[in-house]
Amino acid sequence: MPKVSDDYKERKRESLLESALKCFGEKGYHTTTMDDIVAYSKTSKGLIYNYFKSKEELYLTLMQERTVQTFEKINQRFQNISSSKDKLIELFQMYSEISLTEKWRNMIRVHMEFWINSARHENLQAIMIERYKDQYRLFLSDIIKQGIASGEFKKTIDPDIISSLFWANIDGICLHYSVVEEDEIYKAQFKAAEEMIMSHIVI
């Protein structure tokens with residue numbers, strides 16, 4: 001048997017993830033089967049199971065890689081920003097500038113569908129809640145705490161509540177756009193959300 005390189009394995013893995021995302025986007029997460037993904041990726045069931053044990057593992061891997069990419073992008077944009085207020089403004093700007101493609105809309109639809117589906121499965125729900133609390137909410141909560149300490153934000157605000165409110169706005173606006181697909185309203189909603197949150201927390 002010829003030796004398979006690590007580069008080949010990684011490219012195959014990425015190809016399977018991309019096929020899964022397209023399949024989830026077209027058929028929906030709930031109705032997609034591993035057989036569907038096998039057929040879509042034009043590979044064998046044995047090969048796909050060498051990389052991923054289940055449909056759930058495929059999805060969770062997709063989401064974790066998306067999370068890593070998101071935080072890499074955020075940290076890059078934060079390189080020359082020290083102010084907590086400016087970091088929060090930059091986050092709103094980053095999401096409002098997202099390229100509004102069909103691939104991105106599919107990702108949002110699949111993400112929201114999985115969130116709903118995970119609520120019916122205790123183990124998946126625990127994974128999703130942990131991902132949200134330990135990565136997204138904690139990240140922004142720390143920025144808000146720094147802003148309180150530096151005197152940029154009001155001492156009376158709760159960092160966890162504001163962080164949750166921020167991500168709830170992000171999810172809600174993105175979900176709305178994934179269905180309605182109105183570009184200008186999408187951008188205007190982010191601007192309005194920014195103004196509301198900043199007026200509530202900035203001294």
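The values are calculated or read from the model by the stated rules, or taken from the named source; none is laboratory data. Keep in mind the model is a prediction, meaning the values are calculated, not measured. Ideal geometry is used to build each Cβ from the backbone, glycine not excepted, and the neighbour counts take in all protein chains shown.
Residues checked against (1) more than 23 Å from the chain's Cα centre (by Cα); (2) of a type in the set (G, A, S); (3) at pLDDT 85 or above; (4) surrounded by fewer than 17 Cβ atoms within 10 Å (Cβ to Cβ):
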site	(1), (2), (3), (4)
S5	yes, yes, no, yes
Y8	yes, no, no, yes
R13	no, no, yes, yes
L47	yes, no, yes, yes
K53	no, no, yes, yes
Fill in: Selection count, region 164-190, where residues are among the polar types (S, T, N, Q) and at pLDDT below 90
1
Discussion item. Among the residues in region 74-85, are any under 29 Å from C23 (Cβ atoms), out of contact with any Cys (no Cβ under 8 Å at 6 or more places or on another chain) and at pLDDT 85 or above?
Written reply: yes
Worksheet item: Is there a residue being over 16 Å from the mean Cα position of the chain (by Cα), within 21 Å of C174 (Cβ to Cβ) and not in a helix (DSSP H, G or I) anywhere in region 17-28?
Response: yes
Practice prompt. With the condition kept exactly as written, say whether any residue in region 59-75 is acidic (D, E), in a helix (DSSP H, G or I) and without any contact (Cβ under 8 Å) to a residue 12 or more places away in the chain.
Written response: yes
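This table checks each residue for (1) surrounded by fewer than 14 Cβ atoms within 10 Å (Cβ to Cβ); (2) closer than 14 Å to S178 by Cα.
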site	(1), (2)
K87	no, no
F92	no, no
S99	yes, yes
R105	no, yes
R109	no, yes
I116	yes, no
N123	yes, no
